[in-house]
Amino acid sequence: TRDIPAGAISGFHVIGTNQIPGGGLDLSLVYMPGCRLYVAADVAVGFAITGATAQHNLSIPNIASLAGAHLYSQSIVVVPGINPLGVVTTNAIDSTIDAN
């Protein structure tokens, strides 16, 4: 995750095997104007804010049946005052597990 806004206090990396269709879910209704949720989150992992970037590591077991599977991920960051809810989202990433 990069370009984390100043004043951020915590973050979450959400990961799922499905993405939300139609360009994601508009989060304006929950006081997050301009933000969208693109990932149907199966797992959320918190991360510490130590600056404008954060690295997320994910261990994936070496199982042949996972080859070709997609994992969708997105970060959600708590930033008081950035919008009425105080939370922003990033764009999402579509990662494909390689067989090698």
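The values are calculated or read from the model by the stated rules, or taken from the named source; none is laboratory data. Please read all numbers here as calculations on a predicted model, not as lab measurements. A quick note on method: Cβ atoms are made from the backbone with ideal geometry, for glycine too, and the neighbour counts reach across all protein chains shown. Ligands, DNA and RNA are stripped out before the accessible areas are found, and what is left, the full protein with its side chains, is counted by its heavy atoms. Shrake-Rupley method; radii C 1.70, N 1.55, O 1.52, S 1.80 Å.
State all residues of the stretch 5-23 that are in contact (Cβ under 8 Å) with a residue 40 or more places away in the chain, part of a loop (DSSP other than H, G, I, E, B) and β-branched (V, I, T); if no residue qualifies, say none.
Result: I9, T17.
For I82, state whether it is assigned to a loop (DSSP other than H, G, I, E, B), over 17 Å from the mean Cα position of the chain (by Cα) and surrounded by 11 or more Cβ atoms within 10 Å (Cβ to Cβ).
Yes; evaluated as a whole, the condition is true for this residue.
Filter the stretch 8-37 down to residues that are farther than 29 Å from I60 by Cβ and of a type outside the set (A, V, I, L, M, F, W, C) and give me whichever is surrounded by the fewest Cβ atoms within 10 Å (Cβ to Cβ).
Among those that are farther than 29 Å from I60 by Cβ and of a type outside the set (A, V, I, L, M, F, W, C), it is G34.
Out of the stretch 32-48, which residues are over 16 Å from I20 (Cα atoms), at pLDDT below 95 and assigned to a loop (DSSP other than H, G, I, E, B)?
Scanning the stretch 32-48 gives a single hit, A48.
For the structure I just gave you, tell me whether I93 is surrounded by 10 or more Cβ atoms within 10 Å (Cβ to Cβ), of a type in the set (A, V, I, L, M, F, W, C), free of Cβ contacts under 8 Å to residues at least 24 places away in the same chain and out of contact with any Asp or Glu (no Cβ under 7 Å at 6 or more places or on another chain).
So I93 passes the test.
Scan the stretch 14-31 for residues that are in contact with a Lys or Arg (Cβ under 8 Å, 6 or more places away or on another chain) and at pLDDT below 95 and report the count.
Result for the stretch 14-31: 1.
Within the stretch 54-72, how many residues are open to solvent by 50 Å² or more (accessible area, probe 1.4 Å) and part of a loop (DSSP other than H, G, I, E, B)?
9
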